[in-house]
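Undergrad: There's a structure below that I have some questions on.
Just so you know, all these numbers are worked out from the coordinates, no wet-lab data involved. Source: prediction; values computed, not measured. Counting neighbours? That spans all protein chains shown, and the Cβs are built from the backbone with ideal geometry, glycine included.
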Amino acid sequence: MSEGYRAGIDIGGTFTDLVLLEEATGRQVIGKILTTPEDPSEAVEKGLIELLEGEGVTASRLKTIIHGTTLVTNALIERKGARTALLTTEGFRDAVAIGTEHRYDMYDIFIEKPEPLVPRSLRYGVRERVFDDGSVALELDEEQVRQIIAELRERGVQAVAVSFLHSFRNPTHEQRVAEILAEEAPDITVSLSSEVAPEIREYERTSTTLANVYVRPLVERYLLVLKERLGRLGFGGSLYIMLSDGGTASVETACEFPIRLLESGPAAGALATAFYGRKSGFREALSFDMGGTTAKACLIEGGEPLTSSEFEVARIYRFKKGSGLPIKTPVIEMIEIGAGGGSIARIGPLGLLKVGPESAGAEPGPACYGRGGSEPTVTDADLALGYLDPNFFLGGRMRLDREAALRAIEEKVARPLDLDPAEAAWGIHQVVNENMANAARVHAIERGKDPRAYPLFTFGGAGPVHAYGVARALGAPGFIAPLGAGATSAFGFLCAPLSFEFVRSLYGQLGELDWEQVNGVLEELEGEGRNLLHASGVAEPDIRVRRLCDMRYTGQGHEVTVEVPDGRLSSRDTGRLRELYRKEYRRLYQREGPDVPLEAMTWRLEVTAPRPDIQLGGKGDSSSLAQAQKGTRKIYIPERGGFREVPVYDRYRLVPGMVIEGPAVVEERESTVVIGESGRADIDAARNLIARWS
């Protein structure tokens, strides 16, 4: 047996998913356990013990664990971070409350703006001033800083964000404040904007720094407890944390920049989609991840997910940009939909059926879980429709109560709408499908893409159950469900390379830039990046460097990111950069821009280690479709007006070349694929299930 194993662990709102990968053979073993919200590391430990014991593998044989968590997102949404203060340039302490003065809904007279993470009483103006060219206009008042720190200690402040004007050009004042804090109050955690987000735009930079330090003590405690639990199991390998942009970082780096963990779980799902797409020839796809609490959609182009350098968290209105806290951090671009297996169905104030965004979560969970939940959820509806087997949920480890599901649907939905429970359950299923399709459609169209051109790559515990309905609503040509779809995000962690992005704003018109200064910044960022990967054991020849620049037409409010050529830059490269920008502008907007000078705003540098080489293992264990069929079951088929008997197949016995005619159900331990009346599915060489329709 091979000595090399790697594990991916994804903590979701309802379940914690685990994947154990035997490196030599590519064999995967999947585990799934209910998340423990009070201490997520408890579920990680229990799930890992079950997974390893089931395979007869000791923790000491694990070389690597890659982990992602919703801890940062939840702490920001629920406002459960540290008691935080802000030190900013005198006269600017209200900038985080004023924001951009943008009204995200022009016609809402009751519009709510996101409250800053720090109340006004804990925002301090410090006497200092740096001009936009980095020159010092007013030296830092160190005595005032010491007085403020003394007050912070008296008021029980646990964390401090320091964000001075133009510190991305000259960080010396912020660095000096950090030194004084270390002398006067070493127990207080500090984050500097010049390290967290050294970019232009005061509001976004300060908001990002505040969010980073607000969650930093929480993340540090969690990762410390997790390392202790893993140590007790005998794990002595490397623990890496998934970042929002699809890279991974050491625990030390994650503790310093926890804001980069915001979308770590969903990012892994997008990486898995890209991995399977490259292996199976689907380099263009729409990633669709539906778990117990939410669903996420992400476009994959050319075998890579789309990325962005901006993000919003804790939105007051889920789909309204501008209603959340802005975060300047690299992130895989996706849309999150308030629809998961635990999403609660109810009758709205107008007497219409509504599903989500409220979720039953893991505690108490859907009514069918038998854990005290009484509200009808999407999972209850899927069970009532026959799409889920009550005796084979999680491979039979968790029995579902169909009668409890029907009672909840009858009381809360069917009776008020004068429907029978099956019709009400189908209504819940159909509403959530339409909601997810609408959100995915908007996500694609906003990026100039036609959702009808992209097959749906579906995963998550609930994704394959709903893929047929969502794909048909989108007008997509079909859907793809990988083997082990219920834990695909956890597998995505294993596809991620070690990677980190560094940024620095240095702006000016292309024809007027100080190219020596630009080269100095890029060389400094590259040195930091190489040192970071060296510390994680990456050999120098294996490091890949990618340089980018955010550019815009002079006077524009936002930028377009362009890849910058290798080597030292000079004025001779101005024309080349201008053409690269115009090419990217045409690709994004399908038209030429105005004939005005270009400005370079922010320089970015990515350092990346090689992608892990993963072989897909396993060939199935049956020779005919009849052998793969495990029985039949009645499921609700709307085209036939009710329940009909359909074949049920064992996912693990399906081998390449097999073809399944719909309607049919395909079951594995962590998820179920429902193929509708007009569907036809075949199994490809990588054992993906590919469904199409006429």
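Undergrad: Please report the antiparallel percentage of the DSSP beta bridges confined to the chain, to the nearest 5.
TA: Looking only at bridges with both residues in the chain, the antiparallel portion is about 75 percent.
Undergrad: Please give the contour-minus-distance gain from R640 to D542: 0.36 nm per residue of separation, less the Cα-Cα distance, rounded to one decimal in nm. Please list the in-between numbers first.
TA: Values: separation 98, 0.36 × 98 = 35.28 nm, distance 5.76 nm.
Here the answer is 29.5 nm.
Undergrad: Once you have all Cα-Cα distances for the chain, histogram them in 10 Å bins from zero and send the whole-percent values.
TA: Whole-percent P(r) values from 0 Å outward: 3, 14, 24, 26, 18, 10, 4, 1, 0.
Undergrad: Another question about this same structure. Give the residues of the stretch 413-451 whose amide nitrogen is closer than 14 Å to a point set 7 Å from the Cα of E301 in the direction of its Cβ.
TA: Label zone hits: 443-451.
Undergrad: Would you mind computing Rg(Cα) / (2.2 N^0.38 Å) for the stretch 79-214, counting N as its residues?
TA: 1.05
Undergrad: Given H placed 1.01 Å from N in the peptide plane, which residues other than close sequence neighbours of V646 have an amide H under 5 Å from its amide H?
TA: R633, K634, I635
Undergrad: For the stretch 343-430, count the residues as N, evaluate 2.2 N^0.38 Å, and divide the Cα radius of gyration by that value, please.
TA: This ratio for the stretch 343-430 stands at 1.00.
Undergrad: How do the peptides 187-199, 275-287 rank, highest first, by the average count of neighbouring beta carbon atoms within 10 Å per residue?
TA: 187-199, 275-287
Undergrad: Considering amide H positions built from the backbone, and no H for Pro or chain starts, which residues 5 or more places from E333, or on another chain, come under 5 Å of its amide H?
TA: L306, T307, S308
Undergrad: Next question, about the same structure. R155 to R692: FRET efficiency via 1/(1 + (r/R0)^6), r the Cβ-Cβ distance, R0 60 Å, to the nearest 0.05?
TA: So, using R0 = 60 Å, E works out to roughly 0.45.
Undergrad: Could you rank the peptides 416-427, 211-222 by their average count of other C-beta atoms within 10 Å per residue, with the highest value first? Intermediate values should be presented prior to the final figure.
TA: On the way: 416-427: 17.6, 211-222: 23.1.
So the order, starting with the most tightly packed, is 211-222, 416-427.
Undergrad: Net charge near F235, counting Lys/Arg +1 and Asp/Glu -1 over other residues with Cβ under 11 Å of its Cβ? Display every interim value, and only then the final one.
TA: Numbers: positive: R61, K63, K227, R229, R232; negative: E45, E228.
Taking every other residue near F235 into account, the sum is +3.
Undergrad: Something else about it: What Kirkwood hydrodynamic radius, in Å, does the stretch 625-693 give when the mean of 1/r is taken over all pairs of distinct Cα atoms and then inverted?
TA: It works out to 12.1 Å.
Undergrad: Let me ask something else. Using a 10 Å cut-off on Cβ atoms, rank the peptides 597-604, 653-660, 382-389 from the highest mean neighbour count down.
TA: So the order, starting with the most tightly packed, is 382-389, 597-604, 653-660.
Undergrad: Can you pull the one-decimal nm distance between simple spin-label points at R371 and E284, each 7 Å off the Cα toward Cβ?
TA: Spacing of the two 7 Å Cα→Cβ label points: 4.2 nm.
Undergrad: Turning to a different aspect of this structure: Enumerate the calculated ³J(HN,Hα) couplings along the stretch 292-298 in order (Karplus 6.51 cos²θ - 1.76 cosθ + 1.60, θ = phi - 60°), each rounded to whole Hz, writing x wherever the residue is Gly or Pro.
TA: Running phi through 6.51 cos²θ - 1.76 cosθ + 1.60 with θ = phi - 60° gives x, 10, 9, 10, 10, 10, 8 Hz.
Undergrad: I would also like to ask the following. If you take all C-alpha pairs in the stretch 499-608, what percent of them are over 20 Å apart? Intermediate values should be presented prior to the final figure.
TA: Details: 2480 of 5995 pairs.
Result: 41 percent of Cα pairs exceed 20 Å.
Undergrad: Would you compute, from DSSP H runs of 4+ residues alone, the mean residue ellipticity of the chain at 222 nm, taking -39500 (n - 2.57) per run and dividing by the full residue count, rounded to the nearest 500?
TA: Helix contribution divided over all residues of the chain: -10000 deg cm²/dmol.
Undergrad: Also: In sequence order, what are the phi-derived ³J(HN,Hα) couplings for the stretch 199-214 according to the Karplus relation 6.51 cos²θ - 1.76 cosθ + 1.60 with θ = phi - 60°, rounded to whole Hz, with x for glycine and proline?
TA: For the stretch 199-214, the Karplus-derived couplings read 9, 5, 5, 4, 4, 5, 5, 5, 4, 5, 5, 4, 4, 4, 6, 4 Hz, x marking Gly and Pro.
Undergrad: Here's something else I'd like to know. Output the Kirkwood hydrodynamic radius of the stretch 424-490, Cα pairs only, in Å rounded to one decimal. Before the final figure, lay out each step's value.
TA: Values: mean 1/r = 0.0812 Å⁻¹.
Kirkwood radius, the stretch 424-490: 12.3 Å.
Undergrad: Grab the other residues whose beta carbon is less than 13 angstrom from that of V646, score K and R as +1, D and E as -1, and report the net. The partial results should precede the final answer.
TA: Values: positive: K630, R633, K634, R640, R644; negative: D389, E639, E645, E661, E667, E677.
That sum, taken over residues with Cβ under 13 Å, equals -1.
Undergrad: Sticking with this structure for a sec: Set the Förster distance to 35 Å, then compute FRET efficiency between D108 and T554 from the Cβ-Cβ distance, nearest 0.05.
TA: That pair, D108 with T554, gives E of 0.55.
Undergrad: Let me ask something additional. Give me the net charge for the shell around E375: Cβ to Cβ below 9 angstrom, other residues only, Lys and Arg +1, Asp and Glu -1.
TA: Here the charged neighbours net out to 0.
Undergrad: Mind checking the full-extension length gain between K80 and E584? Use 0.36 nm per residue of separation minus the Cα-Cα distance, one decimal, nm.
TA: Difference between extended and current length: 177.3 nm.
Undergrad: Of the trypsin sites (Lys or Arg not before Pro) in the stretch 137-187, which ones lie in a loop per DSSP and count no more than 14 other C-beta atoms within 10 Å? Please list the in-between numbers first.
TA: On the way: sites: R146, R153, R155, R169, R176; in loops: R155, R169.
Answer in residue order: R155.
Undergrad: Now, a different point. Through the Karplus equation 6.51 cos²θ - 1.76 cosθ + 1.60, θ set to phi - 60°, convert the phi angles of the stretch 573-585 into ³J(HN,Hα) values in whole Hz; use x for Gly and Pro.
TA: Working through the residues one at a time gives 8, 4, x, 5, 5, 5, 5, 4, 5, 5, 5, 5, 4 Hz.
Undergrad: Separate question: Can you tell me the convex hull volume per residue for the stretch 254-366, based on C-alpha atoms, in Å³ to the nearest whole number?
TA: Cα-based convex hull of the stretch 254-366, divided per residue, equals 143 Å³.
Undergrad: Sticking with this one: Give me the distance in nm between label points sitting 7 Å out from Cα along the Cα-to-Cβ direction at Q627 and E523, one decimal.
TA: 6.5
Undergrad: Moving on to the next point. For A97 and D418, compute 0.36 nm times the residue count separating them, minus their Cα-Cα distance, and round to one decimal in nm.
TA: Working it through step by step, the gained length comes to 110.7 nm.
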